[in-house]
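Engineer: The structure under discussion is supplied below as structure tokens; questions concerning it will follow.
The values are calculated or read from the model by the stated rules, or taken from the named source; none is laboratory data. Since this is a predicted model, take the numbers as computed values, not measurements. Reconstructed Cβ throughout: ideal geometry from the backbone, glycine too, with neighbour counts over all protein chains shown.
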Amino acid sequence: MLNTSQLAEFYPILWKVLDELFNSKDNVFPCLYAISSFNKKKMYFGVSNQNELIEVLADDLKEMSLLLGDERDEKSKIFNTYVHIIQSENIKNVREFLINLLQTLHKTDKKAWLKNATKDMNVPEFEFCFNGQLWFPVLLTPNHPSAIRRSPYTLIAFQPMITFDYNKKTKSEFYQRMRTLIHSRVDNFYNENRPYYLSDKSSGKNIYQFIGLDSSEIYNYYPIIDE
């Protein structure tokens, strides 16, 4: 797992692409939280190709879990998140790719799924569990059907729920202000007509959000099942 400075040192081209994506002057990228995390150097990264994706991702999320459990300064508690970059992967079906990835990643997990978290992807409150932590995985690809989820590389951002919870409980004004500004950018992008997964009708933390598609575009998806 790499911090922001290490990404810039070892993968300068990837760092530049992300910098241009997050800090685009046309404000196309909507998530101000991710932008702040990147610019404040509180974002962590993994880099792999498709063949080594699961192994590297599993190791990095375990390392990220340890970091989240350590003593951290307040800025880290507010902004820490993890982004995995796949260097050579042209995703043809974003739905199948992310669901298969989550299922395969789960099979490598040595820790039990949290008891208060459902394994059923059909449930609107579904959250992904790995290594005893809840995560909010967001997929971006070059050819994503949702224009707001397009990026030069395939990226999977694993945002820790512990970070969301910290901001909700201890930084509620900051959290609500950030949400309002993000929604404003999304509304500008979609001319006030947000898709279902970004609308107030969505729980905000389900498989629709993770993949970035409307409920009408997702069918026959599967629960995560233990081996």
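Engineer: So, in the range 1-50, how many residues would count as being assigned to a loop (DSSP other than H, G, I, E, B), crowded, with 17+ Cβ neighbours inside 10 Å and over 14 Å from the mean Cα position of the chain (by Cα)?
Structural biologist: 3
Engineer: Further question on the same structure: Exactly one of (1) in contact (Cβ under 8 Å) with a residue 12 or more places away in the chain; (2) more than 16 Å from the chain's Cα centre (by Cα); (3) farther than 21 Å from VAL47 by Cα is unmet by ILE182. Its number?
Structural biologist: (2)
Engineer: Could you identify the single residue in GLU63, GLU55, GLU89, GLU96 that is under 27 Å from ASN167 (Cβ atoms), among the charged types (D, E, K, R) and either at pLDDT below 90 or in a helix (DSSP H, G or I) (or both)?
Structural biologist: GLU63
Engineer: Something else now. Give the range 137-148 a look and list any residue that's in contact (Cβ under 8 Å) with a residue 60 or more places away in the chain, surrounded by fewer than 20 Cβ atoms within 10 Å (Cβ to Cβ) and either polar (S, T, N, Q) or under 16 Å from ALA34 (Cβ atoms) (or both), or say none.
Structural biologist: To start, the set of residues in the range 137-148 that are in contact (Cβ under 8 Å) with a residue 60 or more places away in the chain comprises 137-140, 144-146, 148.
Then drop every residue that is not surrounded by fewer than 20 Cβ atoms within 10 Å (Cβ to Cβ), which leaves 144-146, 148.
Those that are in contact (Cβ under 8 Å) with a residue 60 or more places away in the chain, surrounded by fewer than 20 Cβ atoms within 10 Å (Cβ to Cβ) and either polar (S, T, N, Q) or under 16 Å from ALA34 (Cβ atoms) (or both): HIS144, SER146, ILE148.
Engineer: Among the residues of the range 103-126 satisfying the criterion of being crowded, with 19+ Cβ neighbours inside 10 Å and within 22 Å of MET64 (Cβ to Cβ), which is modelled with the lowest pLDDT?
Structural biologist: Only one residue tops the list, namely PHE126.
Engineer: Go through (1) surrounded by fewer than 17 Cβ atoms within 10 Å (Cβ to Cβ); (2) under 17 Å from GLY212 (Cα atoms); (3) hydrophobic (A, V, I, L, M, F, W, C) and name the single condition LEU66 misses.
Structural biologist: (2)
Engineer: Right, another one. Could you please let me know if PHE79 is touching a helix residue (DSSP H, G or I) at 6+ places or on another chain (Cβ under 7 Å) and at pLDDT below 95?
Structural biologist: yes
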